[in-house]
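Everything on this sheet refers to the single structure shown next.
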Amino acid sequence: MDDVKSARKEGGDITGSRGHMVPQASRDKLTPCGGAADQHLHQGMTTDTSIEDHKAEFDRHLAWFEARLSPRPARFVGWLRKPSSRWVRIPVATLLIAGGIFSFLPVLGLWMLPLGLVLFAQDVPVLRKPIARMLGWFERKWIARQRARSAP
């Protein structure tokens, strides 16, 4: 987390302790989530942006969530996000999606479905835009909840 803060202060790329980077150029196109559904996109971006912009937004949201995890789960998520972990990530995503679909059974839960979709979107470019929007919505709700908690 301190690495992210120091990189933001210096204006460089955000590099966490797990080695994932969100390039400065990509961050310049994105603003912090705080508005309506499409307001997390910079004014210069349209809703039909390129695949790289969706990947950058998706990576920014994942880096934001990863920074809020405790160290051990964050290390695991960081490892799953690496390109070399693709052969583990796809089966894990498939099992999570299947577990989410069968959430009516004991032990399995609906929480597994979005988590599996997030992991699957890492490898399927078509899913990045809707999943990035979902993560943006969740991030806005999280921030609003934190602000409401800290308000007197």
Net +/- balance of residues flanking PHE120 in space, Cβ distance below 13 Å, scoring K and R +1, D and E -1: +3
Each label sits 7 Å from Cα toward the beta-carbon; between GLU52 and PHE65 the label points are separated, in nm, by 2.5
Give me the net charge of ILE97's neighbourhood, meaning all other residues with Cβ under 14 Å from the Cβ of ILE97; Lys, Arg count +1, Asp, Glu -1. 0
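Read-outs: derived from the displayed coordinates by stated rules, not from any lab. Predicted, not measured: the structure shown is a model, and the values here were computed from it. Cβ: placed from backbone, ideal geometry, glycine included. Neighbour counts: every protein chain shown.
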